[in-house]
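The values are calculated or read from the model by the stated rules, or taken from the named source; none is laboratory data. Nothing here was measured: the structure is a model prediction, and the numbers come from that model. Counting neighbours? That spans all protein chains shown, and the Cβs are built from the backbone with ideal geometry, glycine included. Side chains included, ligands, DNA and RNA excluded: accessible areas come from the protein's heavy atoms. Shrake-Rupley method; radii C 1.70, N 1.55, O 1.52, S 1.80 Å.
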Amino acid sequence: MTIRVLVAEDQAAVRAGLVLILRSAPDIEVVGEAEDGEAAVRLARALRPDVVLMDVQMPRLDGVSATRQVVAEGLADVLVLTTFDLDEYVFGALRAGAAGFLLKHTEARDLLEAVRTVARGEGMIAPAVTRRLIAEFAGTTPARTADPAVLEALTRREREVLGCLAEGLSNAGIAVRLSMAEATVKTHVSRLLGKLELRSRVQAAVLAQELGL
């Protein structure tokens with residue numbers, strides 16, 4: 001099955017490089033390119049890609065706002081491009097519902113695998129990065145109160161799955177850890193996201209970290 005990708009990046013040279021890498025994979029098709037956030041949202045509506053590769057710092061409409069619109073309208077999963085260390089927008093992008101983020105200067109094979117992972121419905125975020133995000137932006141981003149009471153809506157199994165998400169485990173990894181079928185894991189993830197009113201498993205991982213799971 002071909003993964004349809006929209007690339008949103010304002011720097012022409014960087015965008016061209018990303019497109020070149022993506023087109024090298026037989027299972028990935030670049031269906032469009034956007035040079036700003038407004039174009040990204042407009043093209044996502046018109047093309048309905050599987051994944052939007054979204055730079056966070058773009059003119060006209062920043063990547064966080066564009067991500068929020070794309071996710072809210074259910075147009076595609078969003079994989080955010082960031083420099084991370086100095087990028088204060090990352091946390092906002094995750095809160096907006098991004099399926100994960102990727103360093104701009106990542107290796108080609110990691111870029112391709114990240115796109116495939118997000119297309120499968122699995123977030124791209126490592127546990128160490130989750131903790132670092134929370135710690136790094138605690139002083140600059142208004143903290144959302146993580147009330148342990150939210151867990152009361154979850155079944156015991158759903159809480160276990162949430163804990164695995166906090167560790168950055170994939171559906172396959174969770175299936176092995178909890179000795180269940182991968183399809184069952186997907187069902188549990190979908191249900192807990194609905195109960196917690198979250199848009200992505202990455203948001204669930206951040207919440208789980210905040211709750212100390």
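Given the options VAL189, VAL14, VAL115, state which has the largest fluctuation in a GNM of the chain using a 10 Å cut-off (strictly under) for Cα springs. Evaluated over the chain, the most mobile residue of the options is VAL14. When ILE21, ILE174 are compared by accessible area at a 1.4 angstrom probe, the order from most to least is ILE21, ILE174.
Taking θ as phi - 60° and the Karplus parameters 6.51, -1.76 and 1.60, the scalar couplings of the range 61-75 work out to 8, 5, x, 5, 5, 5, 4, 4, 5, 4, 6, 4, 8, x, 7 Hz in sequence order, x denoting glycine and proline.
Between 0 and 90 degrees, the angle of helix 127-137 with respect to the longest Cα principal axis of the chain falls at about 80 degrees. Taking each residue as 0.36 nm, the span from GLU197 to MET1 lengthens on full extension beyond its C-alpha to C-alpha distance by 67.6 nm.
Subtracting the Cα-Cα distance of GLN11 and ALA183 from 0.36 nm times their residue separation leaves 58.0 nm of extension gain. Rolling a 1.4 angstrom probe over the protein heavy atoms with all chains in place gives the chain an accessible area of 47 Å² per residue.
With the simple model of a label 7 Å out from the Cα in the direction of the Cβ, HIS105 to ARG156 spans 4.9 nm. Gyration tensor over the Cα atoms of the chain: the corresponding equivalent ellipsoid has semi-axes (square roots of 5 times the eigenvalues, largest first) of 28, 20, 15 Å. Protein-only accessible surface at a 1.4 angstrom probe places the residues LEU111, LEU103 in the order LEU103, LEU111, largest first.
Just the protein heavy atoms count here, and of the accessible area of the chain at 1.4 Å, carbon and sulfur take up 51 percent.
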